[in-house]
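Written out below as structure tokens is the structure these notes cover.
Read-outs: derived from the displayed coordinates by stated rules, not from any lab. In this text the structure is predicted, and so the values were computed from the model without any measurement. Glycine also receives a Cβ, built like all others from the backbone with ideal geometry; neighbour counts cover every protein chain displayed.
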Amino acid sequence: MRRHLEVLGLTYTGEHIEEHLAWARGEHPAPSVLLERILGEEAGHKLARRVERRIDMSGLAERKSLEAFDWAFQPGLDKALVLELARLDFVRHTEDLVVTGKSGTGKSHILQAMALRACQQQMSVRYAKCVDLLDDLYAGLGDGSYLQRLRRWAAPQLLVIDDVGLGQVKKRDDEPTAAHTLFSLVDKRHGRATTAITSNIRLGAWGRYLGDATLATAILDRLAMRAIRIDIDGPSYRQKLARDRAKERGGKLPDDEEPRAPEPAT
Ligand SMILES: Nc1ncnc2c1ncn2[C@@H]1O[C@H](COP(=O)(O)OP(=O)(O)OP(=O)(O)O)[C@@H](O)[C@H]1O
Ligand SMILES: [Mg+2]
């Protein structure tokens, strides 16, 4: 039997077959119940491994969840809308999503949680901070792999470009500028696959950040055409965490002495 399981690639069952048989000897299940148990556990194990592989490939460094999100802290955020979006129909319909708001309001948390759910639903996902995505593409200019890299970023069903506006986008004298690179990517994906973006700068400030106002407008035109928009106007959870930590240490951080943006990304 072990040989059959090996040939069939049922390694999990191979490792647990003695337990299954011992269970069957004790419980005397109907043959179909025993088969259901053995195949169910093998399928469950394979599925879990596939999800783990998707998470590994996605570039998600953290596993945020909406269950861990403190909705009461952010009352201005439309919880029903976020939960509806987390069902990921907008990804199936290739709609784009733009989440804006001040620093620390949970934009990255929400999109990281959605990206994780997409992995769990067996979707192809890539997640990157905007500066890291641009760095990866720029690296391709040096070794001739730019187009290949662009195609790779263009392929997944869900691409999360996190933290547009945070960090320093490298200034380039030659083409393509950051705006040009991002434009190529958004244009390639537009209407074919979902791009979800977070930004803590006003959309009107994207031009200066990306180094080209006209192309930044072209990006936003594409996104604005069909994108779902969420703006989180509320307090910073990062500052709440800092206050909690200060309190724990016995120190004080008065409300009016909160640090000003830009803050380090977590
Ligand atoms: N309502 C919330 N409930 C629980 N944790 C939260 C909430 N909002 C934010 N956080 C946590 O606070 C930290 C900062 O949040 P996050 O990185 O999502 O903010 P952001 O809006 O993306 O900020 P930035 O614009 O600086 O990138 C993260 O660790 C996140 O998990
Ligand atoms: Mg963020």
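Summary of values
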quantity	calculated
All positions within segment 3-60 that are of a type in the set (Phe, Trp, Tyr) and without any contact (Cβ under 8 Å) to a residue 24 or more places away in the chain	TRP23
Some residue of segment 9-16 being under 26 Å from LEU166 (Cβ atoms), in contact with a Leu (Cβ under 8 Å, 6 or more places away or on another chain) and surrounded by 12 or more Cβ atoms within 10 Å (Cβ to Cβ)	no
Residue list for segment 58-73, filter: within 14 Å of the chain's Cα centre (by Cα) and not in a loop (DSSP other than H, G, I, E, B)	SER58
Subset of segment 79-116 (residues that are in a helix (DSSP H, G or I) and within 16 Å of ligand 2 (Cβ to nearest atom))	VAL82, LYS107, SER108, HIS109, ILE110, LEU111, GLN112, ALA113, MET114, ALA115, LEU116
Condition check for LEU159: crowded, with 19+ Cβ neighbours inside 10 Å, closer than 18 Å to GLN112 by Cα and without any contact (Cβ under 8 Å) to a residue 60 or more places away in the chain	yes
Hey, ALA154 within 17 Å of ARG189 (Cβ to Cβ), in contact (Cβ under 8 Å) with a residue 12 or more places away in the chain and crowded, with 22+ Cβ neighbours inside 10 Å or not	no
Tally of residues being assigned to a helix (DSSP H, G or I) and within 15 Å of ligand 1 (Cβ to nearest atom) across segment 117-132	3
Test result for VAL186, crowded, with 20+ Cβ neighbours inside 10 Å, within 16 Å of ligand 2 (Cβ to nearest atom) and not hydroxyl-bearing (Ser, Thr, Tyr)	no
Residue in segment 195-203 that is part of a helix (DSSP H, G or I) and either within 16 Å of ligand 2 (Cβ to nearest atom) or surrounded by fewer than 17 Cβ atoms within 10 Å (Cβ to Cβ) (or both) present	yes
Failed condition for GLY76, given (1) in contact with a Phe, Trp or Tyr (Cβ under 7 Å, 6 or more places away or on another chain); (2) outside any helix (DSSP H, G or I); (3) surrounded by fewer than 21 Cβ atoms within 10 Å (Cβ to Cβ)	(1)
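For (1) under 30 Å from ARG152 (Cβ atoms); (2) not acidic (Asp, Glu), each residue gets a yes or a no:
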residue	(1), (2)
LEU34	no, yes
GLU41	no, no
ARG49	yes, yes
ARG53	yes, yes
MET57	yes, yes
ALA68	no, yes
PHE73	no, yes
LEU83	no, yes
ALA86	yes, yes
